[in-house]
Amino acid sequence: MEALKIKHASAMPAPTWGWLRMNDATIEIPADLARARAVTVEADEDLTENHASFEGAVAELQERIDAVRGDACDTRACVRAVEREAESLDDLDTPALSAYQKRATREEIAGDVAASFETGIHIDVRSYLNFLAGSTVVLATEKGETESAVVRVDGEPGHAAGASVDVVAAPDSTLDVTISLDGDASGSSKAGLIGSELRVFAGARSRVNVVVYVTADAPFTVIDDSGYVLDEGARVNVRHIVLGGGRTYTGLASDLRGDTARVEIDTRYLASGEDARDFNYIIRHRGRKTFSNMDANGVLTGTSRKVLRGTIDLVHGCKGSEGSERETVLLANQGVDNKTVPTILCDEDDVAGNHGATIGHVRPEQLFYLGCRGLSQEQAESLFVAAKLEDAVLSAPTDDIRENVVRLGSALIDGFEEEIA
């Protein structure tokens with residue numbers, strides 16, 4: 001397989017930070033990777049044999065939205081500007097719009113759920129991961145049922161493997177999904193790639209809990225891409241635990257389409273050596289009284305680098321909604337490169353948007369204190385790394401994932417397995 005380069009991946013919806021070179025990312029797919037089928041799905045038959053589909057669920061939601069929407073006329077100035085764009089006007093009441101504002105206004109006018117569906121990274125990445133997967137696994141619950149599933153992607157050096165999963169949670173149902181993205185290099189320096197493509201439709205009043213563990217060794221590139229559509233009263237909880245992989249790309253986009261829908265995202269990450277971490281989160285509030293919360297916590301050591309883009313978009317019509325995002329990151333070495341980009345877009349009143357970041361360095365006097373007790377700079381950094389790994393071990397949802405974290409920790413820290421035994 002030839003080398004590929006996917007440009008403008010993980011792009012922010014409104015590019016405002018071009019001079020800092022952090023609006024998007026370029027993903028380089030290593031050359032000469034053989035396509036591998038390395039995906040395992042553990043789920044009850046009734047979860048995989050349901051004939052529901054993501055497209056069908058979205059179409060049903062669209063019918064209900066259109067019925068409520070009717071033929072109401074939108075007289076906002078931005079709508080006039082788009083509808084009369086081709087005309088030559090000297091109307092001072094018609095504003096000039098940016099390319100982003102035009103695109104966003106057209107989406108609002110159309111009200112097309114399927115057309116506006118997005119994932120956090122890029123449509124080209126979706127196509128590539130779907131190609132690797134070969135077929136899509138559909139996990140669909142019945143109304144009122146409680147189900148669980150585990151998806152594993154186990155990479156091998158010199159190979160590329162990906163999973164494509166659709167989740168359709170019926171009204172009032174609960175579904176727990178665990179995704180493990182692991183690659184054991186076994187001492188090999190040969191590159192590899194693993195990834196997952198996830199589409200989730202959370203039906204009315206459903207509960208969907210997704211946990212993703214990334215525990216691949218350094219030679220692997222890891223891509224975790226997902227998109228969510230939430231119906232009325234749906235609740236989605238997502239945990240991203242990104243511990244390994246030389247280059248990782250994590251993207252999530254969520255469409256809070258139904259009133260009172262709620263999404264919470266908890267991200268924990270570690271980057272050591274020359275690792276690179278890239279995160280892109282997009283939360284669009286479209287329903288009334290919707291709620292979102294993004295919380296990230298990470299440690300950077302060595303000469304690692306990280307970019308986290310978090311965008312909360314309070315779309316016109318989402319009255320009573322609230323979105324929050326915050327990050328806490330510890331820079332354990334002067335050689336790391338950290339970029340945190342919290343962004344809030346707002347086109348509605350009676351809403352709340354909050355963002356913040358806490359970025360802390362290990363101070364020289366702290367290193368001096370540790371040095372006086374016989375700890376070198378490398379040993380001090382290992383303490384922070386070990387703490388993050390130990391937390392991941394304790395919260396691992398399956399024995400296999402726990403073993404993967406232990407293997408990764410043992411490669412990074414001497415005697416790690418004995419310390420947590």
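The values are calculated or read from the model by the stated rules, or taken from the named source; none is laboratory data. Quick caveat: nothing in here was measured; it's all calculated off a predicted structure. Cβ atoms come from the backbone with ideal geometry, glycine included; neighbour counts cover every protein chain shown. In case anyone asks, the SASA skips ligands and DNA or RNA and just uses the protein heavy atoms, side chains included. Shrake-Rupley method; radii C 1.70, N 1.55, O 1.52, S 1.80 Å.
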Self-check item: Unit charges at the beta carbon, dipole of the stretch 256-344: most positive-side option, S292, N333, G258
Solution: G258
Quiz item: What's the center-to-center distance, using Cα atoms, between the stretch 213-235 and the stretch 292-323 in Å?
Solution: 14
Quiz item: If you project the alpha carbons of the stretch 167-278 onto the principal axes, what extent comes out on each, in Å, largest first?
Solution: 49, 18, 15
Quiz item: Counting only pairs 8 or more places apart or on different chains, how many lysine pairs in the chain have C-alpha atoms closer than 18 Å?
Solution: 4
Quiz item: When the accessible area of the chain is split by element with a 1.4 Å probe, what percent falls to carbon and sulfur?
Solution: 48
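Using the Cα centre of the stretch 137-179 as the reference point, and only Cβ charges (+1 on K/R, -1 on D/E), how large is the resulting charge dipole? Debye, rounded to the nearest 20. Present the calculation step by step, with values, prior to reporting the outcome.
Working: 2 positive and 8 negative charges, 20 e Å.
The dipole magnitude comes to about 100 debye.
Keeping every protein chain present and rolling a 1.4 Å probe, give me the accessible area per residue for the chain in Å². All intermediate terms of the calculation are to be shown ahead of the outcome.
Working: 18850 Å² over 421 residues.
Ligands and nucleic acids excluded, the result is 45 Å² per residue.
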Quiz item: Using a basic spin-label model with each label point 7 Å from the Cα along Cα→Cβ, how many nm lie between T303 and E264?
Solution: 4.0
Exercise. Kindly provide the GluC sites (Glu not before Pro) of the stretch 24-73 that DSSP labels as loop, not H, G, I, E or B, and whose Cβ sees at most 11 other Cβ atoms within 10 Å.
Key: E49
